[in-house]
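I have placed the structure first, in the form of structure tokens, so that the comments after it can refer back to it.
The values are calculated or read from the model by the stated rules, or taken from the named source; none is laboratory data. Computed from a predicted structure; not experimentally measured. Don't worry about glycine lacking a Cβ; one is built from the backbone with ideal geometry, like all the others, and counts go over all protein chains shown.
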Amino acid sequence: MAYSSRFPKYETRERRQLHRSRRRGDSWHGSRPKGSRRFSLALPPDVTLFLVIGLFVGGLLFVYIRQGTFLQHLTAERESAQEDLTQLEEINHSLEIQVEEGFSLGRLSRYATEQLGMVAPTQVRYVHVPKA
């Protein structure tokens, strides 16, 4: 009797297998058993509006705070780069002074006379080179 009351005579074998698979929790073409419903959260409209506005304001605050921290990070990075630039400009200036001193005529003549033993010329000869 239990078998006949659960599966009437008009049901086919496929329908019985479908009933068994649904009872086990298997899905058949994504359908649900008749008694199940999707979970839905029904809130009053004013609560939903409050939540939406709250999420929007929270998002704006998050963006505002994130931009503030990003701005502080960029400011610190700029100050660090400015300090590095100042140091490099000082080093560049001191190197330019060293280059100018290295190529000065007085230093070259002193180096030639003291280190290389050269003597300043007493007589200067000019050679005329015709233009070709």
Open item on the list: Suppose the filter is over 47 Å from the mean Cα position of the chain (by Cα) and in a helix (DSSP H, G or I); does L108 pass it?
Closed with: yes
Open item on the list: Can you find, within the range 25-52, the residue that is modelled with the highest pLDDT among those that are farther than 30 Å from E14 by Cα and in a loop (DSSP other than H, G, I, E, B)?
Closed with: P44
Open item on the list: Looking only at residues that are among the charged types (D, E, K, R) and either touching a Pro at 6+ places or on another chain (Cβ under 9 Å) or modelled with pLDDT of 95 or more (or both) in the range 53-107, which one is nearest to M118 (Cα to Cα)?
Closed with: E90
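Residue by residue, here is whether (1) of a type in the set (S, T, N, Q); (2) surrounded by 10 or more Cβ atoms within 10 Å (Cβ to Cβ); (3) out of contact with any Leu (no Cβ under 7 Å at 6 or more places or on another chain) holds:
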residue: P45; (1), (2), (3): no, no, yes
residue: L51; (1), (2), (3): no, yes, yes
residue: V57; (1), (2), (3): no, yes, yes
residue: L60; (1), (2), (3): no, yes, yes
residue: L88; (1), (2), (3): no, yes, yes
residue: S104; (1), (2), (3): yes, yes, yes
residue: R110; (1), (2), (3): no, yes, yes
residue: Q115; (1), (2), (3): yes, no, yes
residue: P121; (1), (2), (3): no, no, yes
